[in-house]
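Chemist: Before I ask anything, here is the structure I am working with.
The values are calculated or read from the model by the stated rules, or taken from the named source; none is laboratory data. Please read all numbers here as calculations on a predicted model, not as lab measurements. Note: ideal-geometry Cβ built from the backbone for every residue, glycine included; neighbour counts use all protein chains shown. Protein only, heavy atoms only, side chains kept; ligands, DNA and RNA dropped before computing areas. Shrake-Rupley method; radii C 1.70, N 1.55, O 1.52, S 1.80 Å.
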Amino acid sequence: QAVLPRLHGAYALAVVWAELPGALVVARKAAPLLIGLGEGEFLCASDTPALAGFTRTILPLEDGEVALLTPLGIELYDAGGTRVQRTPTLLSGTEHVADKRSFRHFMLKEIHEQPETAALWVARHLPEPVAGGAEAPHAGSLVALPLDESVYAGVERIQILACGTSRHAAQVGAYLLEQLAGISTSVFYASEFRYAPPPLSAHTLTIGVTQSGETADTLAALAMEQERRQLVADPAYAPRLLGITNRPESSLARMVDHILDIGAGIEVGVAATKTFLGQLLAFYALALAFAERRVGQRQGGGSSGRSREELKALVAQLRQLPQQLEALVADHDQRCAALAHRFEGTQDVIFLGRGINFPIALEGALKLKEISYIHAEGYPAGEMKHGPIALLDAKVPVVSIAVPGTVFDKVLSNAQEAKARDAQLIGVAPDCPDAELFDTLLPVPVVDELLSPLLTVIPMQLLSYHIAAHRGLDVDQ
Ligand code: BG6
């Protein structure tokens, strides 16, 4: 307690002292620290999976707090040194399991768990159509989300703050919120937003996306936004914060009023896969929920979004997702394993996508660099000719996401440009005559373009996984 005021920056500390061998002193600031209450023992860890197998009862430490753990119990103190009492929370059953089963790596297991993630999501959030026909008046909502109506009411703008993979999910989300619900949406790197936020806008919903719920930049950006809005007297600028996370017990959940729990279960591999899918699905549900409430409204001279019929058609297709993922994961696991050896000497890979699949190109590049250490860039396909094309030659594979819809022809012609530079073209596209352009095809079924990221991401994940595993790397770390 005497030392902590002298420390700068973020920390999570666990201190032992030889004079008191049965005791641990723990403290945190802007970094996660959980206390676990076991049977005849107390534990501390930075994350819940570390406590799996020991206990399901946890006490998350708050910023600035200090705790003394002894076999007799826990003494908790606030930053001022005053003793505080707080009730521990119980983790849900799924949070408790961290087991590789028969898979070689957690990452591969988690990729294979995605059909289940999608099935749970469909069961939770897409209520079955009401008997007597969907045309019956008050046939019910298309999407069921555990959010208060105040989250939706009067929202004119949305801003999303996130880092890494979560930011890519947010970019897909922004596309959906704009195209389905007609709400202007901006996505920010949380680490940039903190230091240069845009001018305050009225009636704005701020969404923080972090699967761990503990990413320091995302939490700090949200806290900053909350504080600056609290200083404004006009209620139009009041903070409205929503968190999207896989950890309902996290720091994020304790900071914001509304939470969407993606419920993907523990993700052990460092490369986010099933939690990315979970975040995407959370945004599909949120965009549909907003769109449903705005059907028929007009904004700025144009229609604000889609008709109820169009939304219903999307929901019907979303119900097929678990089966589609099941087939896709099994198929691409084999295809990507066979393809991986071709990347033995590869040093650079370019990922191209446009529209709603541009964030998936970014995600493909991030996955590859994060676990295989191969340099990779994700680019909007139409931008390639403005510079990056200079990098292309026969040694640089180009992965191009081309699905039927608004930009299909455009992406194919961008792929032609790459081919003219002798690049090895890998297409993530439907198996159709247009796809003959690609040297290798990783086929995906044809769905509504708006839903395609949920499928195109699968070959991205499996390609990265198999390239890294083929190189003998520790994929999960
Ligand atoms: C980074 C990870 O440290 O954090 C990325 O390497 C991840 O994979 C990013 O996407 C953000 O994590 P979170 O928990 O905020 O979604």
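Chemist: Among all the lysines, which ones have a C-alpha under 22 Å from Lys410's C-alpha, if same-chain residues fewer than 8 places away are not counted?
Modeler: Here the lysines satisfying the reach criterion relative to Lys410 are Lys385, Lys419.
Chemist: Under 12 Å from the Cβ of Leu147, count the other residues' Cβ atoms, weight Lys and Arg +1, Asp and Glu -1, and hand me the total.
Modeler: My count for the surroundings of Leu147 gives -2.
Chemist: By accessible area of protein heavy atoms, probe 1.4 Å, what ranking do Phe106, Phe193 get, highest first?
Modeler: Phe106, Phe193
Chemist: Using mean Cβ contacts within 10 Å as the protection proxy, how do 345-352, 253-260, 390-397, 455-462 order, highest first?
Modeler: 455-462, 345-352, 253-260, 390-397
Chemist: Which lysines have a Cα less than 19 Å from the Cα of Lys369, not counting those fewer than 8 places away in the same chain?
Modeler: Candidates past the 8-residue exclusion: Lys274, Lys395.
Chemist: Determine the per residue accessible area of region 8-115 with all protein chains present and a 1.4 angstrom probe, expressed in square angstrom.
Modeler: For region 8-115, the per-residue accessible area is 54 Å².
Chemist: Tell me the mean residue ellipticity at 222 nm calculated for the chain from its helices only (DSSP H runs of n ≥ 4, each -39500 (n - 2.57), averaged over every residue, nearest 500).
Modeler: After summing the helix terms and dividing by the residues of the chain, the value is -10500 deg cm²/dmol.
Chemist: First compute the accessible area of the chain with a 1.4 Å probe, then give the percent of it belonging to carbon and sulfur atoms.
Modeler: So the carbon and sulfur contribution to the accessible surface is 53 percent.
Chemist: Right, next: Could you sort Val398, Val16 by their accessible area in this structure, using a 1.4 Å probe and putting the largest first?
Modeler: Reading off the accessible areas and sorting them downward yields Val16, Val398.
Chemist: Now for a different question. Would you check the accessible area of Arg101, probe 1.4 Å, heavy atoms only, in square angstrom rounded to 10?
Modeler: Estimated to the nearest 10 Å², Arg101 gives 140 Å².
Chemist: Gap in Å between the Cα centre of region 381-399 and the Cα centre of region 239-303?
Modeler: 34
Chemist: Which order do Glu39, Glu267, Glu156 take when ranked by solvent-accessible area (1.4 Å probe, heavy atoms of all protein chains), largest first?
Modeler: Descending order: Glu39, Glu156, Glu267.
Chemist: Could you tell me how far the Cα centroid of region 179-227 sits from the Cα centroid of region 450-477, in Å?
Modeler: About 28 Å separates the Cα centre of region 450-477 from the one of region 179-227.
Chemist: Given the chain, what percent of its DSSP beta bridges are antiparallel, to the nearest 5?
Modeler: Rounded to the nearest five, the antiparallel share is 40 percent.
Chemist: Checking the cross-link filter: which aspartates and glutamates have an alpha carbon closer than 18 Å to that of Lys367, excluding same-chain neighbours under 8 positions apart?
Modeler: Once the sequence-local aspartates and glutamates are set aside, what remains near Lys367 is Glu110, Glu113, Glu267, Asp333, Glu344, Asp348, Glu377, Asp474, Asp476.
Chemist: Place a +1 charge on the Cβ of each Lys and Arg in the chain and a -1 charge on the Cβ of each Asp and Glu, then give the dipole magnitude about the Cα centre in debye, rounded to the nearest 20.
Modeler: That gives the chain a dipole magnitude of about 480 debye.
Chemist: Under 14 Å from the Cβ of Ser452, count the other residues' Cβ atoms, weight Lys and Arg +1, Asp and Glu -1, and hand me the total.
Modeler: That works out to -2.
Chemist: Where in region 451-465 does the label zone of Gln334 land, with the point 7 angstrom along Cα→C-beta and an amide N cut-off under 20 Å?
Modeler: It comes to 456, 458-465, nothing else.
Chemist: Continuing with the same structure: If you place +1 on the Cβ of every Lys and Arg and -1 on the Cβ of every Asp and Glu, how big does the dipole about the Cα centre of region 344-445 come out, in debye to the nearest 20?
Modeler: 220
Chemist: Treat every Asp and Glu Cβ in region 270-378 as -1 and every Lys and Arg Cβ as +1, leave all other atoms uncharged, and give the resulting dipole magnitude about the Cα centre to the nearest 20 debye.
Modeler: Computed charge dipole of region 270-378: roughly 580 debye.
Chemist: Heavy-atom accessible area per residue, region 177-229, 1.4 Å probe: how many Å²?
Modeler: Computed with neighbouring chains in place, this is 37 Å² per residue.
Chemist: Loop only by DSSP, 13 or fewer other Cβ within 10 Å of the Cβ. Give me the chymotrypsin sites (Phe, Trp or Tyr not before Pro) in region 1-90 that pass, ordered by residue number.
Modeler: Trp17
Chemist: Moving on. Only residues of region 20-34 count here: report those whose backbone N is under 18 Å from the spot 7 Å along Cα→Cβ of Thr89, or say none.
Modeler: The answer is 28-34.
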